[in-house]
Amino acid sequence: MKRYLTIILLTLIFFSCQPEYTPRAINKVEIETFKIENSSIRAIVGVNEETVYFAGSNGKLGNTKDAGKTWSIETISYQDSIQPHFRSMAKTKDGVFALSIANPALLYKINDAKKIVYTENHEKVFYDSMHFFENEKDGIAVGDPTENCPSIIITNDGGNSWTKIPCSELPKFEDGEAFFAASNTNIKILGNTVWIGSGGKKARILKSTDKGKSWEIYTTPVIQGNGPQGIYSIDFYDENTGIVIGGDYSKPEDNCKNKAITNDGGKTWTVIADNENPNYKSCVQFVPGGKGKEIVTVGKTGISYSNDGGTTWKELSKESFYSIQFVNNTTAWLSGNEKIARLKLM
């Protein structure tokens, strides 16, 4: 018994002596930009400081594995005449997946060959984002409604086949509620839980804790009511701590009710930095290891950073980007119009 008490005491002493985390005061960034011609790029998968994959408009798919010194880029055509415009992308050990917007929806699996693993024909079809769970067997993609519910397709076999969830098993959407294909980040996955942010008529959070088998839907105070307003991006640092950002794409300088945080897993949300910058943004990401305090957001209005969980922000760059993905606590990959970039926090 004495030995166990000693172990407990030493453990308590060890943890009590650990210094509190102090968020960094990031004041500038270093950005190295690479030109990717004839493609608007909103979907990236950053693997490490040397490797990033991208999917863009005009059928463009590509990657670099040597920090941008060389690029492998190809253009995909469908039925010899249609170049799919990609806004969603995911990568597993078995291949790269790219999902197009508009009709027909085309989901490609690319490894040694290219194979279409899902097709959907509908005048309203428009897919916005795609991600896999940690096991890389289960995956999910989300799109605008073709009926009175969100379009959600899932896979349970590593992406070889996909099934659309019927409306009877999903929350109902109001007319004019949809999603934004702005950065491939209106989906966030942690463990078995997935969160999705909507916009337009309503700005709400769809949440499933069982990989899409059942769903809850929660309201947010983010600006909403018409087409370009709502949530464009969502991220969670842990199962409770999350952030959404967006605004009004048609009024990019506005900063009213365009960002909010949650501390209860997405059930309730609180507006932060209201009527203060950053203004409209298309992507937000927690910095790895930042304890939920360090956050970076990007958009066509520039790059901003917070080290207090979103209460206050500092502009780091005015350069326009659509998406950001961190590979460690100092380095991230960015995408934009005809460009990929690598960012270093300084």
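The values are calculated or read from the model by the stated rules, or taken from the named source; none is laboratory data. Only a predicted model underlies this, so the values are computations on that prediction, with no experimental measurement involved. Glycine gets a Cβ as well: all are built from the backbone with ideal geometry, and neighbour counts include every protein chain shown. Heads up: the accessible areas ignore ligands, DNA and RNA and are worked out on the full protein's heavy atoms, side chains in. Shrake-Rupley method; radii C 1.70, N 1.55, O 1.52, S 1.80 Å.
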Practice item. Taking the residues in region 310-336 that are open to solvent by 10 Å² or more (accessible area, probe 1.4 Å) and part of a strand (DSSP E or B) as candidates, determine which candidate is farthest from PHE34 (Cα to Cα). Key: LYS314
Review point. In the list ILE243, ILE231, ILE223, which residue meets the criterion of being closer than 24 Å to ASP138 by Cβ, in contact with a Lys or Arg (Cβ under 9 Å, 6 or more places away or on another chain) and at pLDDT 95 or above?
Key: ILE231
Check your understanding: Under 6 Å by Cβ, and 6 or more places apart or on different chains, what pairs join a residue from region 327-346 that is modelled with pLDDT of 95 or more with one that is part of a strand (DSSP E or B) and among the hydroxyl-bearing types (Ser, Thr, Tyr)?
Key -> SER335/SER323; ASN337/SER40; LYS339/THR33; ALA341/THR33; LYS344/THR331
**Study point:** Segments classed as strands (runs of 3 or more DSSP E), wholly inside region 246-307, with at least 1 members that are of a type in the set (Gly, Ala, Ser)
**Key:** 259-262, 295-299, 302-306
Practice item. For region 89-112, state whether one or more residues are under 30 Å from PHE173 (Cα atoms), outside any strand (DSSP E or B) and open to solvent by less than 20 Å² (accessible area, probe 1.4 Å). Key: no
**Study point:** Among the residues listed as ILE116, ILE140, the single one being within 16 Å of the chain's Cα centre (by Cα), open to solvent by less than 70 Å² (accessible area, probe 1.4 Å) and among the β-branched types (Val, Ile, Thr)
**Key:** ILE140
Study note, to complete from the structure: Residue pairs qualifying under the 7 Å Cβ cut-off, at least six apart or on distinct chains, with the first in region 88-114 being more than 20 Å from ILE187 (Cβ to Cβ) and modelled with pLDDT under 95 and the second being in a strand (DSSP E or B) and not aromatic (Phe, Trp, Tyr), are ASN111/GLY95
Practice item. Looking only at region 25-39, decide whether some residue is under 30 Å from SER306 (Cβ atoms), more than 23 Å from the chain's Cα centre (by Cα) and among the small types (Gly, Ala, Ser). Key: yes
Review point. Within the bounds of region 143-152, is there any residue that is buried (at least 18 other Cβ atoms within 10 Å of the Cβ), in contact with a Gly (Cβ under 7 Å, 6 or more places away or on another chain), among the hydroxyl-bearing types (Ser, Thr, Tyr) and not in a loop (DSSP other than H, G, I, E, B)?
Key: yes
Practice item. State the number of residues belonging to region 189-217 that are touching a Ser or Thr at 6+ places or on another chain (Cβ under 9 Å), open to solvent by 10 Å² or more (accessible area, probe 1.4 Å) and of a type outside the set (Lys, Arg). Key: 9
Exercise for review: Output the residues belonging to region 239-268 that are open to solvent by 70 Å² or more (accessible area, probe 1.4 Å), closer than 18 Å to THR311 by Cβ and in contact with a strand residue (DSSP E or B) (Cβ under 7 Å, 6 or more places away or on another chain).
Suggested key: LYS257, THR268
Exercise for review: Could you tell me whether any residue of region 271-287 is farther than 21 Å from ARG204 by Cα, open to solvent by less than 50 Å² (accessible area, probe 1.4 Å) and in contact (Cβ under 8 Å) with a residue 24 or more places away in the chain?
Suggested key: yes
Check your understanding: Just one of the numbered conditions (1) closer than 24 Å to ASP238 by Cβ; (2) open to solvent by 20 Å² or more (accessible area, probe 1.4 Å) is not true of ASN186; which one?
Key -> (2)
Practice item. May I ask you to list the residues in region 119-137 that are of a type outside the set (Asp, Glu) and either within 17 Å of ALA178 (Cα to Cα) or open to solvent by 60 Å² or more (accessible area, probe 1.4 Å) (or both)? Key: THR119, ASN121, HIS122, LYS124, VAL125, PHE126, TYR127, SER129, MET130, ASN135, LYS137
Point to revise | Filter result (over 17 Å from the mean Cα position of the chain (by Cα) and over 26 Å from LYS60 (Cα atoms)) within region 290-304 | key: GLY290, LYS291, LYS293
Review point. Of all the residues that make up region 1-38, how many are open to solvent by less than 70 Å² (accessible area, probe 1.4 Å), of a type outside the set (Lys, Arg) and either in contact with a helix residue (DSSP H, G or I) (Cβ under 9 Å, 6 or more places away or on another chain) or modelled with pLDDT of 55 or more (or both)?
Key: 7
Review point. Is it true that some residue in region 39-62 is without any contact (Cβ under 8 Å) to a residue 12 or more places away in the chain, assigned to a loop (DSSP other than H, G, I, E, B) and loosely packed, with under 14 Cβ neighbours inside 10 Å?
Key: no
